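Below: one structure, written as structure tokens.
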Amino acid sequence: MKSLLNVTKLTKTYGNIKACNNITFELYPGQVLGIVGESGSGKSTLLNSIGNNLLIDSGEVIYVNQKNQVLNIKQIPESQHRKLTKTEWGFVRQNPRDGLRMNVTAGANIAERLLDVGVRHYGNIRQEAAYWLEQVEIDTNRMDDFPHTFSGGMQQRLQLARVLVTKPRLIFMDEPTGGLDVSVQARLLDLLRSLVRNLNLSVILVTHDLGVVRLLAHRLLVMKNGSIVESGLTDRVLDDPQHFYTQQLVSATLVP
Amino acid sequence: MTQTKSTNNQPNASTESGFNFAYLDEQTKRSLRRAILKAVAIPGHQIPFSSREMPMSYGWGTGGIQVTASVIGKPDTLKVIDQGADDTTNAVNIRRFFAKVCGINTTEKTSEATLIQTRHRIPETPLKEGQTIVYQVPMPEPLFVIEPSRTEAAKMHALEEYGSMYVKLYEDITNFGHIATAYDYPVMVNERYLMKPSPIPRFDNPKMNNNPALQLFGAGREKRIYAVPPYTKVKSLDFQDYPFNIEKWDNKACKFCGSTDSYLDEVVTDNQGTRMWICSDTDYCHHQQKSGIDS
């Protein structure tokens, strides 16, 4: 199987600080890759240098698009990059306020992605929006309500619907369960798991919650101080941690 | 530095002494003309210019007046309208201003004018080749409601990313069942640039399409000039299942001239709530009345 995303020796520094140091990994279609590590370990910088237009110092990011074209993400024109982020890619942020337009209705939030790709039929847009609201288990009656009237979990699911409407292949998630309580987290994770499987999505999932990666991620990268210290199958890494830091991380997890 | 003087721009006896022709100095006018040429070359694209202090406050047409001043010449006949009327404060003052500093002829008749400065309306009488219409623009950036950052908005223009502009129309239909934007209705110019047509009613939007006259837009406070050259495609944004349409006044006609196809203003005439509808375009209304008497 050909890989979807290929990151080679990606390095990004902020002055003297190496936020990402020689990061190399591959992502295959339908795979969920978890990235864990403490705050400041470079997880979000890594995500942004792949998914957003953050300038990197060196390294390569290769993405194979829907038409099977091999794209060097750091060399394609900005217009093409922005188009990718609006069609084949999706971003789910920790804070829904960053991923949603709070001053327009839930329906409009989903509609925007379709409008961006040139759909100009109101009725069809409504239908699509309703369909994806159902998929993320939001009552379609709430379509014309503002996102700020939604609960945290619903806002997160709305973000997901907004991203999924253009049928993306690769989704970046930055702590998607961050501000949610445990039962809502569990529901969101459950939903994510079935969506990922049914839609054959590839996901890069940044989190510091080992429970989340245990449930969702097929493979796991452990980052510390900008470098990958350990990688492998999730269960292997978590059950048999090799690196000192991973051992610490696993043993620090609260078990009720 | 060389002094630019053209012979037909010499002030005559009727003009106020101590001012250059059309108030602005020649260098300023030239810099504005450069911006205008650029604007005409890229229809709908906003060109920055160094807006000058004018003898009136922002919001009263400082952009339009500067554009007018830079294109006006001795042989021009100027018409100024404000909300369609020739006799309102803004229109009267700007007309008198140019009469004073240029000594040019002014008119209230659309057909006789070579240069028309307007606020919030396009005349009902169709414009002709050779005429120039100058719009006063308060806010030139159509993406402003969606994207507060000018840098990002410029990028969106450059990459033709106008999808989010439709979010507003989507919200209109969702809330009101139809597109409720009544004025400053966004348009696509020459199938490339998204443009704000200044706060004209959407009734006037179709008049911009393929218009034989040159259309110039000046925003004084925001320091932007843009243009629609003659015979350029101007299309109002809409949805396939909610096509663009203009305002209609069911069974209403102008009280004075009886017109049913012009833009009508609703006027409350007493404390009992009696209303009448009259043409917003005074010149058109007079013309209609006159031709009604003649026939």
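The values are calculated or read from the model by the stated rules, or taken from the named source; none is laboratory data. Please read these numbers as outputs of a predicted model, since none were measured by experiment. Reconstructed Cβ throughout: ideal geometry from the backbone, glycine too, with neighbour counts over all protein chains shown. Just the protein is used for accessible areas: all its heavy atoms, side chains included, with ligands, DNA and RNA removed. Shrake-Rupley method; radii C 1.70, N 1.55, O 1.52, S 1.80 Å.
General remarks:
- Candidates B:208, B:195 - the one that is open to solvent by less than 20 Å² (accessible area, probe 1.4 Å), touching a residue at least 24 places away in the same chain (Cβ under 8 Å) and under 23 Å from residue B:34 (Cβ atoms): B:195
- Test: residue in segment B:126-134 that is in the same structural domain as residue B:72 (by TED's automatic domain parsing), open to solvent by 40 Å² or more (accessible area, probe 1.4 Å) and assigned to a helix (DSSP H, G or I): no
- Only a single item in (1) touching a residue at least 40 places away in the same chain (Cβ under 8 Å); (2) open to solvent by 60 Å² or more (accessible area, probe 1.4 Å); (3) assigned to a loop (DSSP other than H, G, I, E, B) is not met by residue B:260, and it is number (1).
- Selection count, segment B:130-185, where residues are touching a residue at least 60 places away in the same chain (Cβ under 8 Å) and closer than 25 Å to residue B:64 by Cβ: 16
- Among the residues of segment A:111-127, at least one is within 11 Å of another protein chain (Cβ to nearest Cβ), open to solvent by 20 Å² or more (accessible area, probe 1.4 Å), assigned to a loop (DSSP other than H, G, I, E, B) and among the basic types (Lys, Arg).
- Among (1) within 30 Å of residue A:107 (Cβ to Cβ); (2) open to solvent by 10 Å² or more (accessible area, probe 1.4 Å), the one test that residue B:153 misses: (2)
- Some residue of segment B:229-236 being of a type in the set (D, E, K, R), within 22 Å of residue B:86 (Cβ to Cβ), away from chain A (no Cβ under 14 Å) and touching a residue at least 40 places away in the same chain (Cβ under 8 Å): no
- Per-region count, segment B:147-176, residues facing another protein chain (nearest Cβ under 9 Å), farther than 18 Å from residue B:193 by Cβ and among the acidic types (Asp, Glu): 1
- Set B:217, B:203, B:256: member being closer than 20 Å to residue B:81 by Cβ and not assigned by TED's automatic domain parsing to the domain that holds residue B:126: B:256
- Residue within segment B:168-183 that is closer than 20 Å to residue B:134 by Cβ and either out of contact with any Pro (no Cβ under 9 Å at 6 or more places or on another chain) or surrounded by fewer than 19 Cβ atoms within 10 Å (Cβ to Cβ) (or both) present: yes
- Once segment B:64-84 is narrowed to residues that are touching a residue at least 60 places away in the same chain (Cβ under 8 Å) and open to solvent by 10 Å² or more (accessible area, probe 1.4 Å), the residue that is nearest to residue B:125 (Cα to Cα) is B:83.
- Wholly enclosed strands (runs of 3 or more DSSP E) of segment A:152-256 bearing at least 3 residues open to solvent by less than 30 Å² (accessible area, probe 1.4 Å): A:170-174, A:202-206, A:219-224
- Selection within segment A:128-149 - more than 21 Å from the chain's Cα centre (by Cα) and open to solvent by less than 20 Å² (accessible area, probe 1.4 Å): A:143
- In this entry, residue A:103 passes the filter for residues that are out of contact with any His (no Cβ under 6 Å at 6 or more places or on another chain), without any contact (Cβ under 8 Å) to a residue 60 or more places away in the chain and open to solvent by 10 Å² or more (accessible area, probe 1.4 Å).
- Meets criteria (open to solvent by 60 Å² or more (accessible area, probe 1.4 Å) and either modelled with pLDDT under 95 or away from chain A (no Cβ under 12 Å) (or both)) for residue B:203: no
- Residue within segment B:60-76 that is among the polar types (S, T, N, Q) and either more than 26 Å from residue B:193 (Cα to Cα) or not assigned by TED's automatic domain parsing to the domain that holds residue B:37 (or both) present: no
- If the condition is being in a helix (DSSP H, G or I) and over 20 Å from residue B:99 (Cβ atoms), then segment B:29-62 contributes B:30, B:31, B:32, B:33, B:34, B:35, B:36, B:37, B:38, B:39, B:40, B:41.
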